[in-house]
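Participant: Take this structure first; my questions come after.
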Number of protein chains: 4
Amino acid sequence: MSFNTFGHMFRMTTFGESHGPAIGCVVDGCPPGIALAPADIQVFLDKRRPGQSRFTTQRQEPDQVKILSGVFEDDKTGGPVTTGTPIMLLIDNVDQRSKDYAEIRDKFRPGHADYTYQAKYGVRDYRGGGRSSARETAARVAAGAVARKVIPQVRVRGALVQIGPHKIDRVNWDWAEVERNPFFCPDAKAAAKWEAYLDGVRKKGSSCGAIIEVTASGVPAGWGAPVYGKLDQDIAAAMMSINAVKGVEIGAGFAAAALSGEENADEIRMRHGKPDFASNHAGGILGGISSGQDIVVRFVVKPTSSILSIRKTVTAAGEDVDISTKGRHDPCVGIRAVPVGEAMLVLVLADHFLRHRGQVG
Amino acid sequence: MSFNTFGHMFRMTTFGESHGPAIGCVVDGCPPGIALAPADIQVFLDKRRPGQSRFTTQRQEPDQVKILSGVFEDDKTGGPVTTGTPIMLLIDNVDQRSKDYAEIRDKFRPGHADYTYQAKYGVRDYRGGGRSSARETAARVAAGAVARKVIPQVRVRGALVQIGPHKIDRVNWDWAEVERNPFFCPDAKAAAKWEAYLDGVRKKGSSCGAIIEVTASGVPAGWGAPVYGKLDQDIAAAMMSINAVKGVEIGAGFAAAALSGEENADEIRMRHGKPDFASNHAGGILGGISSGQDIVVRFVVKPTSSILSIRKTVTAAGEDVDISTKGRHDPCVGIRAVPVGEAMLVLVLADHFLRHRGQVG
Amino acid sequence: MSFNTFGHMFRMTTFGESHGPAIGCVVDGCPPGIALAPADIQVFLDKRRPGQSRFTTQRQEPDQVKILSGVFEDDKTGGPVTTGTPIMLLIDNVDQRSKDYAEIRDKFRPGHADYTYQAKYGVRDYRGGGRSSARETAARVAAGAVARKVIPQVRVRGALVQIGPHKIDRVNWDWAEVERNPFFCPDAKAAAKWEAYLDGVRKKGSSCGAIIEVTASGVPAGWGAPVYGKLDQDIAAAMMSINAVKGVEIGAGFAAAALSGEENADEIRMRHGKPDFASNHAGGILGGISSGQDIVVRFVVKPTSSILSIRKTVTAAGEDVDISTKGRHDPCVGIRAVPVGEAMLVLVLADHFLRHRGQVG
Amino acid sequence: MSFNTFGHMFRMTTFGESHGPAIGCVVDGCPPGIALAPADIQVFLDKRRPGQSRFTTQRQEPDQVKILSGVFEDDKTGGPVTTGTPIMLLIDNVDQRSKDYAEIRDKFRPGHADYTYQAKYGVRDYRGGGRSSARETAARVAAGAVARKVIPQVRVRGALVQIGPHKIDRVNWDWAEVERNPFFCPDAKAAAKWEAYLDGVRKKGSSCGAIIEVTASGVPAGWGAPVYGKLDQDIAAAMMSINAVKGVEIGAGFAAAALSGEENADEIRMRHGKPDFASNHAGGILGGISSGQDIVVRFVVKPTSSILSIRKTVTAAGEDVDISTKGRHDPCVGIRAVPVGEAMLVLVLADHFLRHRGQVG
């Protein structure tokens, strides 16, 4: 029963609402003896942090993480290391302007979880979406930073490959470029065009969707498990658990429908003493188990539902009304989903590393 | 730790290999007092059963299910009802021609799990793919039939919406047509064209992929849970756990990237005393919780990797070799994935029904 | 995988070390709409709080609980109610005199977890036992207070029934007396004698064990589940998870060995329209399921291992040494285990209430 | 949610009723490459099998186990080895005389689960107790035999240490004697006396309780986990999940209440380069983690509730009636609980071995 817990052996339990005093998570099952300081986590939180360009929400959150448990001074280095006990990561909420949300207390914003939370629970923290706010993803990013230290041999990187209808050109792919533009875009030319496009969207008070690609290099063959412990099953769950995500695909993904078996099944030859694949339509996973190739995942983030345009909706009392959302929002929430997607992938991989080691040694 | 178990409150644990004596599952957590006879399950197994047209594998498996536990005569009707204890469903394997597979004992078939299983476990039942065979999905269909009886108010139906590069035309959608052609295709015109197309694929010894759409009607608003208990998270996991699936999407899915917030967020008006949505880009799920609209899921099945064409691969001993797979296979394994996708969706929904009832009452 | 999580549908995840900045827990799965303010929790924390008599440790911890998430103002009352999302309970550590523990950094205290933690993890927070400290039980008591509000119809009460070799006389049992003496003892005469006995133990710098009995009234017939979901199985796990507990029994418990079947099996007659039992050797549980009788559990707490007497032990470096523990400790840690035992029982019951409602409705 | 599943990484899911066609279990998470043939399991089932002396039920069940999945021929030896996939163990029910139970269809047998199952589910398989029958424990013994092969370095043995009011004399303890008498009694003199005592009980149609002690040698320091992953927590749950068990204790157990801290805390000295304990009041577990000493567990089995004497009870329709149980029963069901207790202990240990290896490596 995992309402707010993700993972099996390496697991996080998150808590907190957008406008409560704090959000955070408890990371459980972490191996002991791993050097872990707040700075190891902060660097990833800073990537996700809002307000860093005009293309993300102007909410100002320092997102300073505190480690409240689970680390202790190492005998040898004297620096903090994990002890194998739960790691509690706390992030205070600072810039909660609750009054912004007073108007929408009784109106269900279209495309948001307002109506469904109310239908399920009969009560909800409406301020900034409460628990359904993307603010919860800061806790994921923090936990993901810990997961990275569990599997340092694995490199997980993400990039935005489509914004609105505009795709990157894969021949231009340059990982270094991802750090240079405000979109995590690996294609410098595309990034330049996106800037104008997204300014247009932002000025209209509209929003657009995006597609994110996350890859993992350095995963050995053998992680994952058959049937209901599939690596791609857990990746699909991980990505779909992110706010506003409506689809996930691995390797060739939906395009595989139109391929022939000859095109799709990656041929193998020996190279440097191990199997080497001629292509990677499988996205690094066969039968739910990693093949040693790069793991390649894409997911789609729907356009931000908070928009200025007047939209039809209803109130909790059952009246037809109109709504226009004026708060501080991301015109394309998919941008900040890049570090979140990275975090979710590395969380799945760290979990499967421990699960594999447990069963197979 | 769910290597071979799916679900939380309503859960199945499957077992069995393609060419072992039997496959099956244990269904746990089923509410008591539900009428359940083998015939209730057999009807769905028959939909999935191979050898029913020239477009599926010619392996002949009667797939007769036996209920070994968990039902007992009802006080009133005298007929079998569930008792709340584990329901064991056993399906004997009959037509296992193991010799077909002797040649591939040492060769890793491209696109199959042969290599990854071997890399993980160091041993594998290579006959027909063993545990990685799509034969395991018969157990899912059987468990899904039980799940249907837990939530009779919900109607789950699936259809093939694309085969190879050929999509249906949605204006022709007719659920009744799904039962009339060998493709579970809702578009009679498309089905006619697909027949010629798939004959071509089959005669070449090639294969093609497919996209399946599964919908659920009658799900009330409120099932699912926030964050890591999201209904769509569990649906994504469910579908991705099916053999050969490489992508899952909900509602507008990947197309949502190119939509504006205005286009994507479904507007609401009151109708007959409850919220009524003007469109269903959300696919019936908002914030991980059902909205009362139809739940709409699509997943892609890659082309069958077992093909006649000669392909490059390696042996377990590390030699470069060629391989051509001659066994009895489906030219489009996606066809038989339709009843499997239905089963997985209804399993997720039955589980969430019980979880919701547990927490909220 | 529940290293630091307890429960299934109603579950808590605890974190924190004795001398870290804070301890606490995340309560997940709580039904929505339940009034919950810090004061509802504080009253139980105050019962467990150290330093309230000379018979417990003189560590001064205010144990003020903060609710950081999961509650919001109710539409009608305006007061805080649960929202169905994770409830984060934080308790700051205040009086951590870490220097007390410097001497024992390298010595494994006999009877403590020092050696086993070191053997497992290779590193440990030695200050006050770190994660193995009974301080963690404050988080259980806080979560238990939430659980009580989930099942207000159930009354859970505990008492000390033996301290060292001295048992109560059950004919003197008076629940009101439990609140009047510093031992949670239901027998006023026994309490008077215990005072002198425990003063002797305390002045010697020694310690003694205790037996606690916890009962639950108002549990209807039908909670629990067969086989591995047994109510008594989960109660046994709950009690054995408390620090220093070495045994658990239900109803007649170990005394049942010497009973005949005639004596032990509780006879039944109808009364007021429902089955009424002539005795309660079963302790309210038959076949893992509640019978409607009071649930009666006892558990034993070993004598505090921190004692003044010089004891033989070894160091982490493998040297034979002597040790005497001088910190502030409870001469009988069993006393403060009473509210902890109550908390664990009500946590199990709240979980089974939700699980039962989920499966059976 | 573990209604019928036990364990985390090494886990079994059992199914089946006393008088259904079969019982069995699915063992999941087993490491690959372990030699496993039916004979490895049969030897333990034979120890538990009824009808082997006049002191156990005369029901004749061959209890022949079939392995339906999860093993395959080893590359080198050609013999069957585990493949890492689910191991399905099936045991047919043979000697079900259902007519014996017709009379008790409507009467709730005192001390049995009849009433509570009916209260919970509204329907039950009353034949021989259905799912609540001790017959389910055959599946545990079968799974336990697999667990033994996962940790061959660990030796788990059990013995009866008390029957009715008659205890063994521990100075006479001889493990070899356990195999020589029908009671699994380690004290030859006690066994001789027990024979006469139990004949008396049997001839009266009465029954008596028993206490079983199970030990594990060869467990290294470090298995288990803090707080809610405690080794003793899981052992307590394991033993309490066995039918008719009413109490569990570790090491000194309930006797620890009357010990002083000096007596109870086991002193340590270095020996052969590792810590050596002067005593074992801890029962091999400190802070939930194994210390390297023998693990010592005791549990109590209540007297069989099926007795000839006339007892007061009620019917499902709410009438006061008398009942006398005439079926074939064990006068002391505790005897056959010895191999069951062994199985449960080794299942917990195998699970914790894998969990430890997963987290710590």
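The values are calculated or read from the model by the stated rules, or taken from the named source; none is laboratory data. Keep in mind that what you see is a predicted model, and the values were worked out from it rather than measured. Reconstructed Cβ throughout: ideal geometry from the backbone, glycine too, with neighbour counts over all protein chains shown. The area values use the complete protein model at the heavy-atom level, side chains included, leaving out ligands, DNA and RNA. Shrake-Rupley method; radii C 1.70, N 1.55, O 1.52, S 1.80 Å.
Participant: Kindly establish whether D:S260 is in contact with a helix residue (DSSP H, G or I) (Cβ under 7 Å, 6 or more places away or on another chain) and facing chain C (nearest Cβ under 7 Å). Spell out the reasoning first.
Facilitator: Numbers: in contact with a helix residue (DSSP H, G or I) (Cβ under 7 Å, 6 or more places away or on another chain): no; facing chain C (nearest Cβ under 7 Å): yes.
Here the answer is no, as D:S260 does not meet what is asked.
Participant: In segment A:23-56, what residues are facing chain C (nearest Cβ under 7 Å) and either open to solvent by 30 Å² or more (accessible area, probe 1.4 Å) or closer than 17 Å to C:T14 by Cα (or both)?
Facilitator: Answer for segment A:23-56, where residues must be facing chain C (nearest Cβ under 7 Å) and either open to solvent by 30 Å² or more (accessible area, probe 1.4 Å) or closer than 17 Å to C:T14 by Cα (or both): A:V26, A:D28, A:G29, A:G33.
Participant: Please note which strands (runs of 3 or more DSSP E) are completely contained in segment A:1-96 and include at least 1 residues that are at negative phi and within 18 Å of the chain's Cα centre (by Cα). Steps first, please.
Facilitator: Values: elements: A:11-16, A:22-28, A:65-69, A:71-73, A:80-82, A:87-92.
Counting at least 1 such residues, we get A:11-16, A:22-28, A:65-69, A:87-92.
Participant: Considering only residues that are over 23 Å from A:F254 (Cα atoms) and within 14 Å of another protein chain (Cβ to nearest Cβ), which ones fall in segment B:153-196?
Facilitator: Scanning segment B:153-196 gives a single hit, B:Q153.
Participant: Sticking with this one: Would you tally the residues in segment B:70-95 being surrounded by 21 or more Cβ atoms within 10 Å (Cβ to Cβ) and free of Cβ contacts under 8 Å to residues at least 24 places away in the same chain?
Facilitator: 2
Participant: Examine segment B:196-203 for a residue that is under 30 Å from A:R357 (Cα atoms), open to solvent by less than 10 Å² (accessible area, probe 1.4 Å) and either touching a residue at least 40 places away in the same chain (Cβ under 8 Å) or not aliphatic (A, V, I, L, M) (or both), and state whether such a residue exists.
Facilitator: no
Participant: Ok, one more. What are the residues in segment A:12-22 that are crowded, with 24+ Cβ neighbours inside 10 Å and either at the interface with another protein chain (Cβ under 7 Å from one of its Cβ atoms) or without any contact (Cβ under 8 Å) to a residue 12 or more places away in the chain (or both), if any?
Facilitator: So in segment A:12-22, the residues crowded, with 24+ Cβ neighbours inside 10 Å come out as A:12-17, A:20.
A:T13, A:T14, A:F15, A:G16, A:E17, A:G20, listed by residue number.
Participant: Report those helices (runs of 4 or more DSSP H) wholly inside segment D:102-187 carrying at least 3 residues which are over 30 Å from C:G358 (Cα atoms). I'd like the intermediate steps shown before the answer.
Facilitator: On the way: elements: D:114-121, D:137-150, D:175-178.
Qualifying helices (runs of 4 or more DSSP H): D:137-150, D:175-178.
Participant: Can you find a residue in segment A:177-184 that is buried (at least 20 other Cβ atoms within 10 Å of the Cβ), touching a Leu at 6+ places or on another chain (Cβ under 7 Å) and at pLDDT 95 or above?
Facilitator: Yes, some residue in segment A:177-184 is buried (at least 20 other Cβ atoms within 10 Å of the Cβ), touching a Leu at 6+ places or on another chain (Cβ under 7 Å) and at pLDDT 95 or above.
Participant: On the given criteria, is B:V248 under 30 Å from C:H8 (Cβ atoms), part of a strand (DSSP E or B) and more than 7 Å from chain A (Cβ to nearest Cβ)? Let's see the steps before the verdict.
Facilitator: Numbers: under 30 Å from C:H8 (Cβ atoms): yes; part of a strand (DSSP E or B): yes; more than 7 Å from chain A (Cβ to nearest Cβ): no.
No; evaluated as a whole, the condition is false for this residue.
Participant: Taking the residues in segment C:112-143 that are more than 7 Å from chain D (Cβ to nearest Cβ) and of a type in the set (S, T, N, Q) as candidates, determine which candidate is most open to solvent (accessible area, probe 1.4 Å).
Facilitator: Top of the filtered list is C:Q118.
Participant: Of the residues D:A210, D:A237, which single one is over 30 Å from A:T83 (Cα atoms) and either surrounded by fewer than 24 Cβ atoms within 10 Å (Cβ to Cβ) or facing chain C (nearest Cβ under 7 Å) (or both)? Spell out the reasoning first.
Facilitator: Values: D:A237 fails: over 30 Å from A:T83 (Cα atoms).
Checking each option against the conditions leaves just D:A210.
Participant: Collect the residues in segment B:310-350 that are in contact with a helix residue (DSSP H, G or I) (Cβ under 7 Å, 6 or more places away or on another chain), closer than 23 Å to B:R54 by Cα, at pLDDT 95 or above and of a type in the set (V, I, T), keeping them in residue-number order.
Facilitator: B:V340
Participant: Working only within segment D:271-284, note down all residues that are of a type in the set (A, V, I, L, M, F, W, C) and more than 8 Å from every other protein chain (Cβ to nearest Cβ). Break it down stepwise before answering.
Facilitator: Of all residues in segment D:271-284, those of a type in the set (A, V, I, L, M, F, W, C) come to D:277-278, D:282.
Listed by number, the list holds a single entry, D:F277.
Participant: If you go through segment B:222-232 one residue at a time, do you hit one that is facing chain A (nearest Cβ under 7 Å), in contact with a Ser or Thr (Cβ under 8 Å, 6 or more places away or on another chain), assigned to a strand (DSSP E or B) and in contact (Cβ under 8 Å) with a residue 40 or more places away in the chain? Before you say what the answer is, go through the steps one by one.
Facilitator: Restricting attention to segment B:222-232, the residues satisfying the condition of being facing chain A (nearest Cβ under 7 Å) are B:222, B:225-230, B:232.
This time we only want the ones that are in contact with a Ser or Thr (Cβ under 8 Å, 6 or more places away or on another chain), so: B:222, B:226-230.
Of the ones still in play, those that are also assigned to a strand (DSSP E or B) are none.
No, segment B:222-232 has no match at all.
Participant: Is one or more of the residues making up segment B:252-259 in contact (Cβ under 8 Å) with a residue 24 or more places away in the chain and of a type in the set (F, W, Y)?
Facilitator: To start, the set of residues in segment B:252-259 that are in contact (Cβ under 8 Å) with a residue 24 or more places away in the chain comprises B:252-253, B:256.
Those still in the list that are of a type in the set (F, W, Y) too: none.
No, segment B:252-259 has no match at all.
Participant: Kindly list, by first and then second residue, each pair from a residue in segment D:133-154 that is closer than 12 Å to D:L345 by Cα to a residue that is assigned to a loop (DSSP other than H, G, I, E, B) and modelled with pLDDT of 95 or more, limited to pairs with Cβ atoms under 6 Å and residues at least 6 apart or on different chains.
Facilitator: From residues that are closer than 12 Å to D:L345 by Cα, the pairs are D:V154/D:G218; D:V154/D:V219.
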